Amino acid sequence: MEYFTNIPKIKYEGTKSNNPLSFKYYDADRIIMGKKMKEHLPFSMAWWHNLCACGTDMFGRNTANKSFGKTEGTMEHAKAKVDVGFEFMQKLGIEYFCFHDVDIIPEADDIKETNRRLDEISDYILKKMSETGIKCLWGTANMFSNPRYCNGAGSSNSADVFAFAAAQVKKAIDITVKLGGKAYLFWGGREGYETLLNTDVKFEQDNIARLMKMAVTYGRSIGFTGDFYIEPKPKEPMKHQYDYDAATAIGFLRQYGLDKDFKLNIEANHATLAGHTFQHDLRISAINNMLGSIDANQGDYLLGWDTDEFPSDVYTATMCMYEVLKAGGISGGFNFDAKNRRSSYTAEDMFEGYILGMDTFALGLIKASQIIEDGRIDDFIAKRYSSYHKSQIGKKILSNQTSLEELFAYAENLCAPELPGSGKQENLENIVNNILFK
Ligand code: XUL
Ligand code: CO
């Protein structure tokens, strides 16, 4: 049965088209730097926002109707969401999806029944996957919505809650592996604290690491060869979240010996909440060989919370794709962890949100490739550090063959160095604008 009867398959029509249900920039088979756009940009649908979220906010209830003709909270409804999701992805040419365990089924009061439902729905999803060729990017366990996780999951003060979280992780890994997921993700839902007055930070962090270690051991034992991901976020829902940003998460992974199995899933809106640019957290991940995947969205700079908007900012997307191209691509994908605005509640809005995101990243890819091919930015950076390669003292510093005493004598002899050379920020920004708008 077709759900979106008024919506055709979305095609590339180019920039001259006024058809809102078409791509203006995303041309899946167009070759950019030797690779098809769709290979550079493995897009993914986020099950939770697209098929579950109906516009509820703190001040008002649902605006969108996502019952899809079925009674909500039933397995019939869960299956309808599968049908709708696959039709949606096929119409947009999206080849991946991401899910939490409780996005794909209604959670039961008894974990045994929840798990039975997960088995049933994953059989159904698997069938759809083999019919369509659509694949799973990553799966995860929702360990933040249920009230039992009010004090966290791995970081909970209750051993029983910790055990329950472990059981949920085990099952979510099972389902992710069953669906051939590329990765298994931990977003630290409520892993953080509200006040240090009631919190043993070291105890909680040790326990989160224990849970992750068990997840790796179990995953590898059942033949899972993909990556585990941490998705950093600085705050919300907790006042302070332990996986604050890329640098913090990398430090944590190294401290607990998890860095060989884990990479990072960087979400734009989380990076900006941490006071960084999206590009910053991508760069920090990439230089540590830990850039795994991307949650492609954007925040509102005027608001201090996670607004999960569809990405429309071409400048940011360009800088993202610049980092991705420089890193040689990503093994994960571009998951639209984004939701329609509350007042965009129609089926067309669902499609237009994804078209916006896909076109923004396609344009970002085109422009980033032009920045790299242009070469002026890279040349400038190379020249900026060239004194280390040209001078004797620079070479000695880089090869660790000098000492404070020798540098002291060198500096005394020099009296005062020349200024280090203009950083040319305005010049470089002009170059970027010139490439963006030519
Ligand atoms: C929450 C968030 C999550 C994760 C998956 O801010 O980004 O949706 O991506 O749990
Ligand atoms: Co996310």
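The values are calculated or read from the model by the stated rules, or taken from the named source; none is laboratory data. Note that the structure is predicted; figures quoted are calculated from it, not measured. FYI the Cβ positions are ideal-geometry reconstructions off the backbone, even for glycines, and counts take in every protein chain you see. With ligands, DNA and RNA removed, areas are computed over all heavy atoms of the protein, side chains included. Shrake-Rupley method; radii C 1.70, N 1.55, O 1.52, S 1.80 Å.
Quick notes
- Of all residues assigned to region 346-358, none qualifies as being within 24 Å of Arg283 (Cα to Cα), open to solvent by 50 Å² or more (accessible area, probe 1.4 Å) and over 17 Å from the mean Cα position of the chain (by Cα).
- For Tyr388: the one exception among (1) modelled with pLDDT of 95 or more; (2) within 30 Å of Leu51 (Cα to Cα): (2)
- Applying the set (1) within 30 Å of Tyr124 (Cβ to Cβ); (2) part of a loop (DSSP other than H, G, I, E, B); (3) within 16 Å of ligand 1 (Cβ to nearest atom) to Thr225 leaves exactly one unmet item: (3).
- Evaluation of Lys326 against (1) more than 22 Å from the chain's Cα centre (by Cα); (2) open to solvent by 20 Å² or more (accessible area, probe 1.4 Å) (one fails), failing number: (1)
- Whichever residue in region 1-25 is part of a strand (DSSP E or B) and not aromatic (Phe, Trp, Tyr) and, among such residues, is least open to solvent (accessible area, probe 1.4 Å): Ser22
- Pairs where the first residue, in region 186-214, is assigned by TED's automatic domain parsing to the domain that holds Asn157 and within 17 Å of Ala249 (Cβ to Cβ) and the second is open to solvent by 100 Å² or more (accessible area, probe 1.4 Å) and away from ligand 2 (no atom under 16 Å from the Cβ), C-beta under 9 Å, 6+ apart: Gly192/Lys239; Tyr193/Lys239; Glu204/Asn157; Gln205/Gln255; Ala209/Gln255
- Every residue from region 279-306 that is open to solvent by 10 Å² or more (accessible area, probe 1.4 Å) and either in a loop (DSSP other than H, G, I, E, B) or within 13 Å of ligand 2 (Cβ to nearest atom) (or both): Asn288, Asn289, Gln298, Gly299, Asp300, Tyr301, Leu302, Leu303, Gly304, Trp305, Asp306
- Residues of region 132-149 classified as within 16 Å of ligand 2 (Cβ to nearest atom) and either surrounded by fewer than 19 Cβ atoms within 10 Å (Cβ to Cβ) or at positive phi (or both), total: 2
- Given (1) farther than 25 Å from Gly333 by Cβ; (2) away from ligand 1 (no atom under 16 Å from the Cβ), number of the condition Met58 does not satisfy: (2)
- Any hit, region 310-317, residues being within 21 Å of Gln205 (Cβ to Cβ), within 16 Å of ligand 2 (Cβ to nearest atom) and within 13 Å of the chain's Cα centre (by Cα): no
- Residue that is least open to solvent (accessible area, probe 1.4 Å) [pool: residues in region 243-260 that are away from ligand 1 (no atom under 14 Å from the Cβ) and not in a helix (DSSP H, G or I)]: Leu258
Here is a yes/no grid of residues against (1) open to solvent by 60 Å² or more (accessible area, probe 1.4 Å); (2) without any contact (Cβ under 8 Å) to a residue 40 or more places away in the chain; (3) not in a loop (DSSP other than H, G, I, E, B):
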{"site": "Asp27", "(1), (2), (3)": "no, no, no"}
{"site": "Leu51", "(1), (2), (3)": "no, no, yes"}
{"site": "Thr71", "(1), (2), (3)": "yes, yes, no"}
{"site": "Glu76", "(1), (2), (3)": "yes, yes, yes"}
{"site": "Glu87", "(1), (2), (3)": "no, no, yes"}
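- The condition of being β-branched (Val, Ile, Thr) and either within 16 Å of ligand 2 (Cβ to nearest atom) or not assigned by TED's automatic domain parsing to the domain that holds Leu137 (or both) holds for Ile266.
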